[in-house]
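Below is one structure; the comments refer to it alone.
The values are calculated or read from the model by the stated rules, or taken from the named source; none is laboratory data. As the structure is a prediction and not an experimental result, all values here were calculated from the model. Methodologically, a virtual Cβ is constructed for each residue, glycine included, from the backbone with ideal geometry; neighbour enumeration extends over all protein chains shown.
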Amino acid sequence: PAFDGRDVRLESVSKSFGGVDALREVSFVAPAGRITALIGPNGSGKTTTLNLINGFHKPGSGRVLLGDDELTGLPAERVARLGVARTFQTPAIPGEMSVLDVVGSGRIEAHGPALLPVVLRLPRYWRAVARNRKAAAGWLEILGLGAIAAEPAAAMALGTRRMIELARALCAGPRVLLLDEVASGLDPDELQELAGVLRKVRDAGVTVVVVEHNFSLVRSLADHVVVLAGGAVLTDGDPREIAEHPEVLERFLGS
Ligand code: ADP
């Protein structure tokens, strides 16, 4: 198959913070080239799961794999270089950068130069930013943001900043795209556009994992759904199965 090496696999992953068990023996596969949605109530461990995949947290036990690559315990910058890109619930966008350069910076995190010049914003960093402008412009066009390329990114409304974040993650050319609440704050038109972009990204072979509260979006977009409750996997399956699961219905879908 064309997309070998892109499935994300958690095997019996546990994580606690102090005395709190955030995740307990969580196992699931996010299949290669598919959109997997992580759903569950607040505090069920969704964000922690993303943080364990992208290397922000180390699991207390268990393994995290991307294809045959072991991600368990690797630092976030190594995971990024293996092709895992991530967006955040609250996009942190440096105030002084243009939309174009924020998007281009996504490639730097994944492909260098090494961390130090990125952190210190040394001249090498700015040269790398300049080299990425063409790729960044391409993604801005795809996301319908071409008209604001030269504007300061931090001045944009929340919905637009979410799309900029998405463009930044895509600009890295990831094997895996992790999205944390990327739809929140988007208007209905932006939601439709987002869904269309994510389908294209998936069809290009990228493995997408989304944490998402909007179940109607999950239903229309996800190929696979993993339901977390209390730090454990309650069930997983395709969206139709999940929507009919009695416990899911009762606990999350308000019926
Ligand atoms: P969700 O994303 O589903 O809302 P989280 O993954 O954010 O859930 O949190 C799962 C549990 O782990 C919660 O009880 C939360 O308070 C706890 N938790 C998450 N991150 C930390 C942290 N850095 N320090 C302490 N506790 C944390």
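Just checking, which of D236, D203, D189 is closer than 24 Å to L65 by Cβ and either among the small types (G, A, S) or away from the ligand (no atom under 16 Å from the Cβ) (or both)?
D203
Quick check on the range 32-41. Is at least one of its residues surrounded by fewer than 16 Cβ atoms within 10 Å (Cβ to Cβ) and in a strand (DSSP E or B)?
no
Can T207 be described as among the β-branched types (V, I, T) and assigned by TED's automatic domain parsing to the domain that holds F28?
yes
In the range 62-89, what residues are over 21 Å from A222 (Cα atoms) and within 16 Å of the ligand (Cβ to nearest atom)?
Hits for the range 62-89 are G62, V64, A76.
Is it fair to say R168 is in contact with a helix residue (DSSP H, G or I) (Cβ under 9 Å, 6 or more places away or on another chain), in a helix (DSSP H, G or I), modelled with pLDDT of 90 or more and not aromatic (F, W, Y)?
Here the answer is yes, as R168 does meet what is asked.
Give all pairs with beta carbons closer than 8 Å in which a residue from the range 13-38 that is farther than 25 Å from G205 by Cβ and in contact (Cβ under 8 Å) with a residue 12 or more places away in the chain meets a residue that is within 14 Å of the ligand (Cβ to nearest atom) and among the acidic types (D, E); count only pairs at least 6 apart in sequence or on separate chains.
S14/D21; K15/D21
Just to be sure before I move on: is L140 within 27 Å of G55 (Cα to Cα), touching a Leu at 6+ places or on another chain (Cβ under 7 Å) and modelled with pLDDT of 90 or more in the structure I sent?
Here the answer is no, as L140 does not meet what is asked.
If you scan the range 29-59, which residues turn out to be in contact with a Lys or Arg (Cβ under 7 Å, 6 or more places away or on another chain) and more than 12 Å from the ligand (Cβ to nearest atom)?
V29, A32, G33, R34, I35, N54, G55, P59
Which one of V8, V26 is surrounded by 15 or more Cβ atoms within 10 Å (Cβ to Cβ), more than 16 Å from the ligand (Cβ to nearest atom) and of a type in the set (V, I, T)?
The match here is V8.
Identify, by number, the condition in (1) closer than 27 Å to H245 by Cα; (2) surrounded by fewer than 18 Cβ atoms within 10 Å (Cβ to Cβ); (3) among the aromatic types (F, W, Y) that F88 doesn't meet.
Only one criterion in (1) closer than 27 Å to H245 by Cα; (2) surrounded by fewer than 18 Cβ atoms within 10 Å (Cβ to Cβ); (3) among the aromatic types (F, W, Y) is unmet by F88, namely (1).
Out of all the residues in the range 59-79, which are in a loop (DSSP other than H, G, I, E, B), without any contact (Cβ under 8 Å) to a residue 40 or more places away in the chain and surrounded by fewer than 16 Cβ atoms within 10 Å (Cβ to Cβ)?
G73, P75
Which of the residues belonging to the range 173-186 are of a type outside the set (S, T, N, Q) and modelled with pLDDT under 90?
Scanning the range 173-186 gives E181, V182, A183, G185, L186.
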